[in-house]
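**Student:** For reference, the structure I am asking about is given below.
The values are calculated or read from the model by the stated rules, or taken from the named source; none is laboratory data. A quick note: this is a predicted structure, and the numbers were derived from the prediction, not measured. Positions of Cβ are generated from backbone atoms using ideal geometry, with glycine treated the same way; all protein chains shown enter the neighbour counts.
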Amino acid sequence: MSLPALDYDALVTRGKDGALRFEAAIDGMTCAACIGEIESALHKLPGMPAARVNYTNRRLSLEWREGLFDLAGAFERLRRMGYRLRPFELAGGELIEQEASKRLLRCLAIAAFAAMNIMLLSVAVWVGEKSDIDPATRDMFHGLSALIALPAAAFAGQPFFQSAFTALRARRLNMDVPISLGVTLALAMSVYETLIHAEHAYFDSAIMLLTFLLLGRYLDAAMRRKTRAVAANLAALRAPAACRISADGVETIVPARQLRRGDHVLVRPGELLPADGVVASGASALDESVITGETARRNVAAGDHVFAGSLNHHGALTLSVEAAGAGTLLDEIERLLEKATAARSRYVRLADRVSAFYAPVVHIAALATLLAWLWLGASLHDALVTAIAVLIVTCPCALALAVPAVQVVASGALFRRGVLLNAADAIERFAEIDTIVFDKTGTLTSPHPRVVNGADIDPDVFALAAGLARGSSHPLARAVAAARPDAAMPADITEEQGQGVRALVDGVEARLGSPAFCGLEAEVAALKGLEPDVSIVAFRYGVRHALFRLRQVLRADAVETIAALARSGFAIAILSGDRPEAVEPLAKALGVADWRGGLKPAEKVSRLDELRASGRKALMVGDGLNDAPALASAYASMSPVEATQVTQAAADAVFVGERLDPVLATLQTSRRARSIMRVNLGLSAAYNAVAAPLAMLGMLTPLIAAAAMSGSSMLVTLNALRAGSAAGASDSPTAKGSAP
Amino acid sequence: MTVLLILVPLALALGFVGLLGFLWALNSGQYDDLDGAASRVLSDEDIEDKK
């Protein structure tokens with residue numbers, strides 16, 4: 001059976017110069033040797049595309065001239081080598097992030113170069129003061145410092161100046177306002193002091209400050225970029241392809257996002273629906289658990305509305321695509337999402353709360369110093385120099401690093417545990433959680449169905465069936481194959497689309513698929529009282545046969561993780577869109593007393609609002625489209641990586657893998673991170689408590705300013721590193737951060 | 001002390017060359033794939049191709 005052709009033209013971007021460009025995420029690249037293998041394989045193809053594998057991002061970019069190169073051939077060649085390409089379009093957000101991170105690195109390089117050279121000159125001046133530097137040499141060194149510092153600050157300070165300017169225009173104060181003010185005044189004062197041949201100049205402090213801050217921002221941006229790239233790859237790997245039927249009946253495979261309203265799409269049994277639409281012809285049962293949480297299947301026929309992400313069970317369907325329409329489920333969910341997201345933005349980040357308090361205090365302290373010195377009879381010059389020194393020394397270097405440094409380390413630790421953060425401030429919100437609300441289907445249960453009656457089946461038959469199942473692409477067959485991963489696959493398996501697979505084993509035909517395909521309808525009819533969410537896969541080999549019952553089961557570690565969370569003092573609740581009688585046994589197995597079933601999306605949101613009103617801070621963990629509004633309205637939220645895209649966008653973090661313990665790890669790491677953030681803020685406050693009075697008394701020399709500033713920044717950064725080691729040590733399921 | 005008039009500009013110039021080198025490497029995409037670069041150095045397939 002031949003599959004319809006993939007519509008490659010839709011995936012290629014055309015440059016102005018006639019060059020064609022194509023980007024894809026690579027699935028199956030496991031080691032560094034794969035780089036050379038893939039690239040040399042592509043270079044040998046006719047048309048010789050410029051192929052470049054990015055190993056960090058697991059991506060491939062190709063560039064070639066029109067008409068000379070066969071992209072479909074390249075796909076096929078890589079597929080035979082064991083790599084699957086997933087076409088890819090860089091999201092706008094990721095491109096911006098890449099640019100921003102490059103720009104920060106450029107600024108950092110210039111600031112670091114300037115800081116090192118100015119420090120070289122400054123150390124000479126400081127040492128010279130104790131010995132015999134002559135004023136002319138000192139002036140020359142100050143002048144050289146100015147020549148380096150002014151252009152460097154004008155370039156490398158831009159990220160701060162722009163952000164401060166934006167904040168001021170919106171009549172707000174952020175951390176960048178005191179930073180910009182401090183740097184600008186320090187430079188201006190130092191230039192003036194140099195011109196009047198004075199002893200002290202603060203070029204080194206100003207540029208060092210910029211360097212440290214840029215380092216923090218760059219690390220932050222780099223971490224975010226890495227998470228973003230992994231998330232985008234995962235999205236590309238799961239991006240559904242659709243089989244479009246054109247007006248003349250030709251079938252082509254196109255990426256689902258290129259479907260337009262009115263297109264006709266063919267969905268075979270076992271495939272996910274690529275778009276919302278109306279059934280044009282055919283009849284089937286749909287598993288809509290991803291969308292509604294309901295595990296019982298819905299029978300659909302021509303004229304019914306269906307939703308993207310549903311699993312088509314046993315009949316081929318032709319859909320008429322309908323992108324959006326008033327009154328559909330998606331429409332309602334989007335409306336709820338908008339409302340919930342607006343509520344979320346009320347959260348004020350820890351760093352912003354601190355800077356809202358800190359910036360005015362610093363500015364008032366500097367002004368008070370100026371007035372006090374004038375009052376005591378000092379000259380305007382001396383009073384100004386002292387006031388500016390106060391601004392320089394309190395310039396929130398350590399303070400501005402205190403929170404981001406911890407965020408970088410903690411999100412790096414979470415990244416290694418398979419948790420990708422969408423929002424940097426999510427760590428602070430995770431740390432405050434006291435209640436956890438789980439969705440059932442796909443969250444507490446594993447996203448894929450499992451064989452539940454494996455023990456009743458003859459092991460030999462099971463092994464044979466599992467081997468045969470490996471030749472099928474149907475999700476249920478894959479579940480049978482996954483139950484016996486070591487089963488040998490028979491040669492020459494034929495797949496009958498929509499029915500099953502068959503192969504000759506020792507001269508006897510083996511079949512795996514629908515009961516009708518294996519002639520086992522009578523046996524299925526004999527199974528009475530089946531739960532509505534159980535699926536059957538039949539197997540026949542000569543006279544021997546078996547019926548595999550499959551359903552969604554709890555994630556492997558769900559019971560332990562829930563118990564560990566409850567022990568740590570979190571209140572646990574289950575809110576499900578599934579029928580109450582399906583939720584109850586599961587809630588009992590997990591020992592969760594607070595559960596509700598049959599909830600609509602709006603009811604989940606209102607339940608979360610009730611929790612919020614009673615002072616609870618709830619973490620929502622869910623995967624379905626029906627959870628998206630609840631995720632957005634909860635205090636913090638997580639979703640598994642199998643979740644629909646709308647849901648993932650609404651969640652603060654996405655976790656990878658079959659296990660549930662990333663939820664526990666996230667909460668532990670976040671709590672630890674928050675306590676380290678607080679220690680860091682305390683450290684920088686202590687530094688200011690020592691340095692600011694010195695500056696106010698006029699006893700601050702550039703040497704003390706430089707030493708104090710770099711000392712406190714390093715202390716804060718080193719302390720932040722503890723946030724990473726914590727996650728590695730907390731492999732045991734007990735939560736340490738929440739001892740009562 | 002007149003030696004400083006030569007040494008200080010010399011030191012700055014050397015540092016500046018280093019900075020330009022870094023910016024060049026950054027702009028030519030050498031920082032886009034750090035993990036890949038680390039393993040590419042061990043691959044000798046490019047040498048076989050030229051034979």
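**Student:** So, residue A:246, is that one hydroxyl-bearing (Ser, Thr, Tyr), modelled with pLDDT under 85 and surrounded by 17 or more Cβ atoms within 10 Å (Cβ to Cβ) or not? Talk me through it step by step, then tell me what you get.
**Tutor:** Working: hydroxyl-bearing (Ser, Thr, Tyr): yes; modelled with pLDDT under 85: yes; surrounded by 17 or more Cβ atoms within 10 Å (Cβ to Cβ): no.
Taking the combined requirement at face value, the residue does not satisfy it.
**Student:** Of the residues A:409, A:451, only one is buried (at least 21 other Cβ atoms within 10 Å of the Cβ) and touching a strand residue (DSSP E or B) at 6+ places or on another chain (Cβ under 7 Å); which? Show your work before the answer.
**Tutor:** Numbers: A:409 fails: touching a strand residue (DSSP E or B) at 6+ places or on another chain (Cβ under 7 Å).
Unique residue meeting the criteria: A:451.
**Student:** Next question, about the same structure. Test each condition in (1) in contact (Cβ under 8 Å) with a residue 60 or more places away in the chain; (2) buried (at least 19 other Cβ atoms within 10 Å of the Cβ) for residue A:595 and report the one that comes out false.
**Tutor:** It fails just one condition, (1).
**Student:** Just to check your reading of the model, which residue among A:163, A:122, A:145 is hydroxyl-bearing (Ser, Thr, Tyr), more than 12 Å from every other protein chain (Cβ to nearest Cβ), assigned to a helix (DSSP H, G or I) and under 16 Å from residue A:200 (Cβ atoms)?
**Tutor:** Details: A:163 fails: under 16 Å from residue A:200 (Cβ atoms); A:145 fails: more than 12 Å from every other protein chain (Cβ to nearest Cβ).
Just a single option satisfies the conditions, and that option is A:122.
**Student:** Are any residues in region A:451-489 touching a helix residue (DSSP H, G or I) at 6+ places or on another chain (Cβ under 6 Å) and assigned to a loop (DSSP other than H, G, I, E, B), and if so, which ones?
**Tutor:** Matches in region A:451-489: A:470, A:484, A:487, A:488, A:489.
**Student:** Hey, another quick one. Let me confirm something: among B:26, B:14, B:34, B:7, which residue is out of contact with any Asp or Glu (no Cβ under 8 Å at 6 or more places or on another chain), within 7 Å of chain A (Cβ to nearest Cβ) and modelled with pLDDT of 85 or more? Walk me through it before giving the result.
**Tutor:** Details: B:14 fails: within 7 Å of chain A (Cβ to nearest Cβ); B:34 fails: modelled with pLDDT of 85 or more; B:7 fails: within 7 Å of chain A (Cβ to nearest Cβ).
Answer to the check: B:26.
**Student:** Oh, and also: Specify which of the listed residues (A:523, A:496) is surrounded by 14 or more Cβ atoms within 10 Å (Cβ to Cβ), among the acidic types (Asp, Glu), within 20 Å of residue A:268 (Cα to Cα) and more than 37 Å from the chain's Cα centre (by Cα). It would help to see each step written out before you state the result.
**Tutor:** Numbers: A:523 fails: within 20 Å of residue A:268 (Cα to Cα).
Of the residues listed, the single one that is surrounded by 14 or more Cβ atoms within 10 Å (Cβ to Cβ), among the acidic types (Asp, Glu), within 20 Å of residue A:268 (Cα to Cα) and more than 37 Å from the chain's Cα centre (by Cα) is A:496.
**Student:** Would you mind stating whether residue A:95 is hydrophobic (A, V, I, L, M, F, W, C), under 21 Å from the mean Cα position of the chain (by Cα), closer than 22 Å to residue B:35 by Cα and modelled with pLDDT under 80?
**Tutor:** On the way: hydrophobic (A, V, I, L, M, F, W, C): yes; under 21 Å from the mean Cα position of the chain (by Cα): yes; closer than 22 Å to residue B:35 by Cα: yes; modelled with pLDDT under 80: yes.
So residue A:95 passes the test.
**Student:** Also, I was wondering about something else. Tell me, which helices (runs of 4 or more DSSP H) wholly within region A:633-740 include 3 or more residues that are farther than 21 Å from residue A:621 by Cα and at pLDDT 85 or above? Even if it seems obvious, please write down each step before you answer.
**Tutor:** Numbers: elements: A:645-650, A:661-696, A:702-720, A:722-729.
By residue number, A:661-696, A:702-720.
**Student:** Could you tell me whether residue A:461 is touching a Ser or Thr at 6+ places or on another chain (Cβ under 6 Å) and at pLDDT 80 or above?
**Tutor:** Values: touching a Ser or Thr at 6+ places or on another chain (Cβ under 6 Å): no; at pLDDT 80 or above: yes.
So residue A:461 fails the test.
**Student:** Here are the criteria: (1) at pLDDT below 85; (2) under 30 Å from residue A:100 (Cβ atoms); (3) at the interface with chain A (Cβ under 7 Å from one of its Cβ atoms). Tell me which single one residue B:41 does not satisfy.
**Tutor:** (3)
**Student:** Filter region A:186-202 for residues that are surrounded by fewer than 21 Cβ atoms within 10 Å (Cβ to Cβ) and aliphatic (A, V, I, L, M) and give the result.
**Tutor:** A:188, A:191, A:195, A:196, A:198
**Student:** Does region A:504-516 contain any residue that is touching a Phe, Trp or Tyr at 6+ places or on another chain (Cβ under 8 Å), under 30 Å from residue A:583 (Cα atoms) and in a loop (DSSP other than H, G, I, E, B)?
**Tutor:** Scanning region A:504-516, I find no residue that is touching a Phe, Trp or Tyr at 6+ places or on another chain (Cβ under 8 Å), under 30 Å from residue A:583 (Cα atoms) and in a loop (DSSP other than H, G, I, E, B), so the answer is no.
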